[in-house]
1. Considering segment 234-285 alone, what residues qualify as being under 12 Å from the mean Cα position of the chain (by Cα) and assigned to a loop (DSSP other than H, G, I, E, B)?
2. Consider segment 75-96. How many of its residues are in contact with a Leu (Cβ under 6 Å, 6 or more places away or on another chain) and assigned to a strand (DSSP E or B)?
3. Have a look at Gly50, Gly28 and point out the one that is in contact with an Asp or Glu (Cβ under 6 Å, 6 or more places away or on another chain) and either modelled with pLDDT of 95 or more or among the hydrophobic types (A, V, I, L, M, F, W, C) (or both).
4. Which of the residues belonging to segment 134-147 are loosely packed, with under 14 Cβ neighbours inside 10 Å and more than 17 Å from Gly285 (Cα to Cα)?
Amino acid sequence: MKILLIKLSALGDVIQTLPVLVALREAGHEVHWVVEEAAAELLLPHPLIGKVLVSRRRSWFSSLRSDPLKVVREVAGWVADLRAERYDLALDLQGLLKSAVWMALVRARLKMGFVNHREGSPYFYNYPLPPYDPEEHAVRRYLSALRPLGLEVSEPTFILPPLPSGVAGRYGVPSPYAVLIPCARWETKRWPQSHWQELVKRLPALGLFPVLVGAPQDHPYIEEILTGQEEALSLCGQLDLLELAALLKGARVVISVDTGPMHLAAAVGARVVALFGPTAPWRTGPFGAGHEVLVSSLACSPCFKRRCAHLSCLKEITPDRVLASLQ
């Protein structure tokens, strides 16, 4: 069968969908994928994907006021490209309005998605799936959508495009090193900067050189963590996704908050110490064996809130607890 996967964002969700791609290809199906720009560079060179259709939704909206005709032409061309293919199955694993639009437009004999998807997206399915269990880990939840195809996956497999070699050496990272991922979109997911500073100060005593990574907009936050630190390096905003994956793969350990690069670290086989406060690790923790997940003991955790008046849950995960997990 020719199958279209619709999983647009975010980075961590796209990474957690990779076992679906692997399972479909191992079953002999041709797979195309609709994704948004932020995660596209991880899929465009992927050897298992026949065609990647990159939705530039954010760029289109940001350009709509300045050059609406250009946006209309681009969207029309993109839709024409989407509709040029005829699929046996379109599988919506996003389950939101932004994926429902493409599901409505795609030419597919079967249009599948979970019946408890949101924002009206199930109205566009002609083969609704039973409701998913929100307490199940995202990797297994996505794989459960393949049961109507007769596919049961007991051991999920992550396959990424070929990774560049020599990334650590190119950026002057001594070995062995630990990669630290301090930033997340939600304010509530961030471990206190003072905790990161203490950890960076103490890692060299364990023989681990700290390397901090993040997006370009995270630069001021990370630079503040590194103020006064001598044995540490920031590669914030300097790595593309495949370079980041290679750096994570070579790390002795990755210490991260709940964010997309944490899932990338787990996917490439790095050992992860994950710091969880407002979110639930049984739903979105690093998938696989060999990881340490440190959680808050507060009764209000997990609250799944983006804002909090006191930010207590991650504060109580001390640097000593992280260092003990490394031991």
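The values are calculated or read from the model by the stated rules, or taken from the named source; none is laboratory data. On a predicted model such as this, the values are computed, not experimentally measured, just so you know. Positions of Cβ are backbone-derived with ideal geometry, glycine not excepted, and every protein chain shown enters the neighbour counts.
1. Matches in segment 234-285: Asp258, Thr259, Gly285.
2. Adding up the residues that qualify gives 4.
3. Working: Gly28 fails: in contact with an Asp or Glu (Cβ under 6 Å, 6 or more places away or on another chain).
From the options Gly50, Gly28, the qualifying one is Gly50.
4. Step one: list which residues in segment 134-147 are loosely packed, with under 14 Cβ neighbours inside 10 Å, which gives 134-135, 147.
Across segment 134-147, the qualifying residue is only Arg147.
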